[in-house]
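Colleague: The structure follows.
The values are calculated or read from the model by the stated rules, or taken from the named source; none is laboratory data. Quantities reported herein were computed from a predicted structural model and do not represent experimental measurements. So basically every Cβ, Gly included, is an ideal-geometry build from the backbone, and we count neighbours across all protein chains shown. The accessibility values were calculated without ligands, DNA or RNA, using every heavy atom of the protein model including side chains. Shrake-Rupley method; radii C 1.70, N 1.55, O 1.52, S 1.80 Å.
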Amino acid sequence: MTQRLAVAVEAPQYSGLGGLLDYVHADALAPGSLVRVPLGRREVPGLVWELPAGAAQEEGALPDDALRPVAQVLASLPPLSGAWRRLVGFAAAYYQRGLGEVALSVLPPELRKLDDAKLARRIAKLRKAAETGAVDDAPAEDDEAESAEPANPAPQAKADMAGEGGRAAPALTPDQQAAVEAVTAAGAQGTYLLQGVTGSGKTEVYLQAAAHALAAGRQALVLVPEINLTPQLEARFAERFKGRRLVSLHSGLTPAQRLKNWLLAHLGLADLVLGTRLAVFASLPRLGLVVVDEEHDPSYKQQEGARYSARDLAVYRGRLEGTPVLLGSATPSLESWQHAQQGKYKRLDLASRIGGGALPAVKLVDMNQLPRAHGVTVALSPQLVDALRERLALGEQSLLFLNRRGYAPVLHCTECGWKSGCPHCSAWRVFHRGDRTLRCHHCGFTERVPRACPQCGNLDLQPLGRGTERLEEQIAQALPGARVARIDADSTRAAGALQERLAAVHAGEVDVLVGTQMVAKGHDFRSITLVAAVNPDGALFASDFRAPERLFALLMQAAGRAGRDARRASRSEMWLQTWHPTHPLYAALRRHDFDSFAASQLAERQGAGLPPFSHLALLRAEARTVEAATAFLDDAAAQAGDIAEAAEVLIYPAVPPPVARVADVERMQMLLESPSRAALQRLLAQWLPRLQVLRAAHKGLIRWAVDVDPLGI
Ligand code: ADP
Ligand code: ZN
Ligand code: ZN
């Protein structure tokens, strides 16, 4: 007797193979089993899924004897759990992608290449190593393959099973105690929003909540927004949980390492998984706690393929598995903050910094008051330079924050007005002085800086505006003798460069650190007593409605870099150079008052009908010409007309995004907005398959995609 099976295979959505294909096999296979199946002339990996009810009776369904058999069953791998499949199924449906595409793409790529014999060997080795406590010595690669070290080695927890316990946990403050108790109480479930400024002890709450989960024989999943932050947190968890096995999952691992860590989690051999957004799909048979650190961070949103929010999926996963989810932030997303206000999430506050360290006093420099030289205002106000000099004299460190890399955002000709535009994008090329190049930050197009103006031959080409390179130079001029270091994507490109620079800052070998948002996040700098945002105004009037929320978060986070050492906290300051000193955002920041900022932002959003008071999706189109992209979106809008839910969804006209052309491709987008999430979902589910058909009629179109709950619009 052959059995009919539904198998999820990696096929793009709307290709006509929505994701599940029917196969036959001699025996029944448990859903969640990994198989290899023929697809066309290829053999592809697949996951056995629940057979949809009545599948064989469906119109057009092939009879069993017309179905192809499964080619191979990877029986050594325990099947992925029902909870895992439901998570994947939800993600695929909600973000409007193929089930198989999502299911297969979130597995470690190496897994798809293995056959059952290899898989069996690898699993046996891991189990054996786990028994003897030598997992870290177990090669990530199979024996016959060459062993490769991770490209970006994160410190691996020493899983020394003989060792007992790690560094002792400190006694919790009453606020922390209340938070840990809430999350670990018997039967605790649902989502908790842990709100507390940098240094208020959030991580300690994660550690102790995780300790409870582990003590109960469960696994903990801890998500962080960026790879750069995983080693720090990993070191802290590793130190605390000496006798436990901790693995990381992020894109910086080698494929072999990622497979090994994924398997350790899936087999239940790892107790703690620490990772970036992709880790939300880790297979964890004994999941007992999910932590999302810096839950507001935009990095949790995947920006290609299935554009999922790992934060939102973590919340869904917790609900699905009945485990508590702990979201932590100093500046929660307005969505989460509102949920807490409404009681959907339980709010837990950490009111003050550990050790009573004060938050830095916020000082505004009114740039309108500064003298102008040749119509151009100086980058650094004399007040700020004085304050920096003072820190220098005291042997304390300062951090200057400017979210723009390069020397200047544009180079121009003083004679004819030529500007360093990118020939392939609707953007300026940035002047990088270090290697004398003009570089497009959108498409990467790079050229040597021309000696003379390409338009008129004038030799006097001048930079306009400033980036971190120029700021570094200006600091060096203003503070002779100061040791200045810069941390941004350019200065840390070489392997190890970031860790090296951070170490220099920690060792006190740097007086002034200049950097982009790379330095604003996470790092625990002990001797910084002054943080300055040199030019933060840009986001105040940006077209993206989330720009103020993001600016506030970034500035709060940057401010959190100062005064981490309680002995120096009273002197610590956050400086803001601004042209809008009376802006309410800065007023709230001065009071360190996120709640009033959040409340006023939410009131504005409510008035404008923006999220979280409405739900958005963005339909994007890319084509060689603006006309082709627009035509597709216009036709798409017309196709929605007869779908009932369209009445509840506002479909805006197609508009270009802020940078419309990138790498010679024109981009247009169309916003969909609805007060009802369900109506928007139902519309998309009916509408998108039509667009796949429509696409064929639009020869000029390169691709289209939908982004549900887009972050940038
Ligand atoms: P956050 O994650 O909010 O930035 P952390 O958990 O990192 O805060 O705590 C800040 C500092 O205070 C860390 O050095 C941490 O080890 C220490 N700390 C946290 N909680 C306590 C406590 N209850 N007693 C003593 N020190 C603590
Ligand atoms: Zn010129
Ligand atoms: Zn370009």
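Colleague: Give the carbon-plus-sulfur fraction of the accessible surface of the stretch 196-280 in %, rounded to a whole number; probe 1.4 Å, heavy atoms of protein chains only.
Modeller: 51
Colleague: Using Cα positions and a limit of under 18 Å, work out the lysines in reach of K118, with same-chain residues fewer than 8 apart set aside.
Modeller: By straight Cα distance, K118 reaches K128, K260.
Colleague: Using label points projected 7 Å from each Cα along Cα→Cβ, tell me how many nm separate Q189 and A30, to one decimal.
Modeller: Each label point lies 7 Å from its Cα, and together they span 2.2 nm.
Colleague: Expected output is a single nm value to one decimal: the length gained when fully extending between R493 and A168, i.e. 0.36 nm times separation in residues minus the C-alpha distance. What is it?
Modeller: Answer, rounded to one decimal: 113.3 nm.
Colleague: Give the cross-link partners of K344 among the lysines, using a straight C-alpha distance below 26 Å as the criterion and excluding same-chain residues fewer than 8 apart.
Modeller: K202, K301
Colleague: Could you give me D for the stretch 368-493, from Stokes-Einstein at 25 °C and 0.890 mPa s, where the hydrodynamic radius is the Kirkwood radius over C-alpha pairs? Units µm² s⁻¹, please. Let's see the in-between values first.
Modeller: Working: Rh = 16.1 Å.
The calculation lands on 152 µm²/s.
Colleague: For helix 547-559, what angle does its Cα long axis make with the longest principal axis of the chain, in degrees from 0 to 90 and rounded to 10?
Modeller: Once rounded, one gets 70 degrees.
Colleague: Short version: ³J(HN,Hα) in whole Hz for each residue of the stretch 676-690, in order, from phi by Karplus 6.51 cos²θ - 1.76 cosθ + 1.60 (θ = phi - 60°), x for Gly and Pro, what are they?
Modeller: Here the 3J(HN,Hα) series is 10, 4, 5, 5, 4, 4, 5, 4, 4, 4, 8, 7, 4, x, 5 Hz.
Colleague: When the accessible area of the stretch 615-708 is split by element with a 1.4 Å probe, what percent falls to carbon and sulfur?
Modeller: 58
Colleague: Write down the accessible area per residue of the chain in Å², having rolled a 1.4 Å probe over the full set of protein chains.
Modeller: Per-residue accessible area for the chain comes out at 42 Å².
Colleague: How many angstrom lie between the Cα centre of the stretch 411-476 and the Cα centre of the stretch 207-231?
Modeller: That distance is 45 Å.
Colleague: Once label points are set 7 Å from the Cα along Cα→Cβ at both T437 and T582, what is their separation, rounded to one decimal in nm?
Modeller: 4.6
Colleague: Please identify every one of the chymotrypsin sites (Phe, Trp or Tyr not before Pro) in the stretch 575-678 that sits in a loop by DSSP and has no more than 16 other beta carbons within 10 Å of its own beta carbon.
Modeller: Loop-located and lightly packed - W579, F613.
Colleague: Which of the aspartates and glutamates could a cross-linker span from K419 if the Cα-Cα distance has to be under 18 Å and same-chain partners fewer than 8 positions apart are dropped?
Modeller: Cross-link targets: E447, D460.
Colleague: Write down the percent of antiparallel bridges among all DSSP beta bridges whose residues are both part of the chain, to the nearest 5. Walk me through the numbers before you get to the answer.
Modeller: Values: 55 of 105 bridges.
Around 50 percent antiparallel, to the nearest 5.
Colleague: Note down, for the chain, the three equivalent ellipsoid semi-axes (square root of 5 times each alpha carbon gyration tensor eigenvalue), biggest first, whole angstrom.
Modeller: Values: eigenvalues 378, 231, 132 Å².
Equivalent-ellipsoid dimensions as semi-axes: 43, 34, 26 Å.
Colleague: Taking the chain as the reference, fit the longest principal axis to its C-alpha atoms, fit the long axis of helix 382-394 to the helix C-alpha atoms, and give the angle between the two in degrees, 0 to 90, nearest 10.
Modeller: Helix 382-394 and the main axis of the chain meet at about 80 degrees.
Colleague: Over the alpha carbons of the stretch 406-559, what is the largest minus smallest coordinate on each principal axis, giving the biggest first in Å?
Modeller: 52, 41, 31
Colleague: For the stretch 615-708, what is the per residue volume of the convex hull drawn over the alpha-carbon atoms, in cubic angstrom? Show your work: numbers first, answer last.
Modeller: Working: hull volume 7.5 nm³, N = 94.
Residue-normalised Cα hull volume stands at 80 Å³.
Colleague: Going highest first, how would you order 170-181, 229-240 by mean Cβ packing within 10 Å?
Modeller: Averaged packing, sorted descending, gives the order 229-240, 170-181.
Colleague: Does anyone have the angle between helix 82-94 and the longest principal axis of the chain? Alpha-carbon axes, 0 to 90°, nearest 10?
Modeller: Helix 82-94 and the main axis of the chain meet at about 60 degrees.
Colleague: Just grab the label-to-label distance for Q72 and T625, each label 7 Å out from Cα along the Cβ direction, in nm (one decimal).
Modeller: Each label point is offset 7 Å from its Cα along the Cβ direction, giving 4.9 nm.
Colleague: Grab the DSSP H runs of the chain that are 4 residues or longer, score each as -39,500 (n - 2.57), total them, divide by all residues and round the 222 nm result to the nearest 500 deg cm²/dmol.
Modeller: Taking each H run of at least 4 residues, the total per residue is -9500 deg cm²/dmol.
Colleague: Near the amide H of R486, under 5 Å away, which other amide H atoms are found, from residues 5 or more places off or on another chain, if H is placed in the peptide plane?
Modeller: Correct list: V514.
Colleague: Per residue, how big is the convex hull of the stretch 488-589 when only Cα atoms are used? Give it in Å³. Could the numbers behind the result be given before it?
Modeller: On the way: hull volume 11.7 nm³, N = 102.
Normalising the Cα hull of the stretch 488-589 by residue number yields 115 Å³.
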